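Reviewing the structure listed below.
The values are calculated or read from the model by the stated rules, or taken from the named source; none is laboratory data. Quick caveat, the model's predicted, so the values are computed rather than measured. Here the Cβ positions follow ideal geometry from the backbone for every residue, glycine too, while neighbour counts run over all protein chains shown.
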Amino acid sequence: RKEVEQDPGPFNVPEGATVAFNCTYSNSASQSFFWYRQDCRKEPKLLMSVYSSGNEDGRFTAQLNRASQYISLLIRDSKLSDSATYLCVVNTRAGNTPLVFGKGTRLSVIA
Amino acid sequence: GAGVSQSPSNKVTEKGKDVELRCDPISGHTALYWYRQSLGQGLEFLIYFQGNSAPDKSGLPSDRFSAERTGGSVSTLTIQRTQQEDSAVYLCASSLDTGYQETQYFGPGTRLLVL
């Protein structure tokens, strides 16, 4: 089983739609979790960290289910500018250590 | 403030030549990471520097790859005798040394093409 798995998509959704991405991770000892966003031919940028209690940032909501070892990202009221690849990222060791990236889920928001 | 910078932004080389890729982390960041991303693939960890500790080289794919970090700041990734499969985007990231959920900030990457 791969360390971090995501549905590659693409997800093609109309503006205003709600879309959800899931991600599973294999290491039950994983410590911290993130969603990064990567635009075409650009570097990844942190979208949001994922906390055990779940967290929300505007139109974005992240959830963590440790028992089932999955992470989700919900995007409400999709905008054209949300079109990007969303990377599920897990830190399998304590503190600042190399991150393990999923291959990403591609989202296209269509007018 | 200034982010992570990398140079060159693009590099085309011939098979068998050596290349050097440079990374300038954010000032004050003690942790520095190298990753690479091949076409259609996820990011692959290569090497990690943390302060004055010995680097974590567990991700280097072969002994043709090496990296150093001078003075706790600038890092250079060297690929010797390049092969076509080394073609990828090489990304550098840095972070503060403050524990959990610490954000890694990425540079724009160096696109390497080995002909």
- Message: Looking only at region B:16-54, filter to residues that are part of a strand (DSSP E or B) and surrounded by fewer than 18 Cβ atoms within 10 Å (Cβ to Cβ); which one of those is nearest to the chain's Cα centre (by Cα)?
- Response: B:R22
- Item | Odd one out for A:N55 among (1) within 13 Å of another protein chain (Cβ to nearest Cβ); (2) under 11 Å from the mean Cα position of the chain (by Cα); (3) not β-branched (V, I, T) | (2)
- Query: Among the residues of region B:55-100 satisfying the criterion of being of a type in the set (V, I, T) and in contact (Cβ under 8 Å) with a residue 12 or more places away in the chain, which is nearest to the other protein chains (Cβ to nearest Cβ)?
  - Reply: B:V89
- Message: Being over 30 Å from A:Q31 (Cα atoms) and either within 14 Å of another protein chain (Cβ to nearest Cβ) or of a type in the set (A, V, I, L, M, F, W, C) (or both): is that true of B:V114 here?
- Response: yes
- Query: Are there any pairs, at least 6 apart or on different chains, whose C-beta atoms fall under 9 Å, with the first in region A:74-95 and assigned to a strand (DSSP E or B) and the second β-branched (V, I, T) and modelled with pLDDT under 90, and if so, which?
  - Reply: A:V89/A:V100; A:V90/A:V100; A:N91/A:T97; A:N91/A:V100
- Note on the structure: The residue from A:L64, A:L107, A:L47 that alone is away from chain B (no Cβ under 11 Å), at negative phi, part of a strand (DSSP E or B) and touching an Asp or Glu at 6+ places or on another chain (Cβ under 9 Å) is A:L107
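Got a number for residues in region B:86-115 being charged (D, E, K, R) and modelled with pLDDT of 95 or more? First the steps, then the outcome.
Filtering region B:86-115 for residues charged (D, E, K, R) gives B:86, B:97, B:102, B:111.
Adding the requirement that they be modelled with pLDDT of 95 or more leaves B:86, B:111.
Qualifying residue count for the region: 2.
Please count how many residues of region B:55-73 are in contact with a Pro (Cβ under 8 Å, 6 or more places away or on another chain) and not in a strand (DSSP E or B).
The first filter runs over region B:55-73 and keeps only residues in contact with a Pro (Cβ under 8 Å, 6 or more places away or on another chain), leaving B:56, B:59, B:67, B:69, B:73.
Filter once more, so that each one left must be not in a strand (DSSP E or B): B:59, B:73.
Qualifying residue count for the region: 2.
Going through B:Y105, B:Y33 one at a time, which residue ends up being within 19 Å of A:F34 (Cα to Cα), within 13 Å of another protein chain (Cβ to nearest Cβ), in contact with a His (Cβ under 8 Å, 6 or more places away or on another chain) and in contact (Cβ under 8 Å) with a residue 40 or more places away in the chain? First the steps, then the outcome.
Details: B:Y33 fails: in contact with a His (Cβ under 8 Å, 6 or more places away or on another chain).
The unique qualifying residue is B:Y105.
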- Item | Failed item in (1) part of a strand (DSSP E or B); (2) loosely packed, with under 14 Cβ neighbours inside 10 Å, with B:K11 passing the rest | (2)
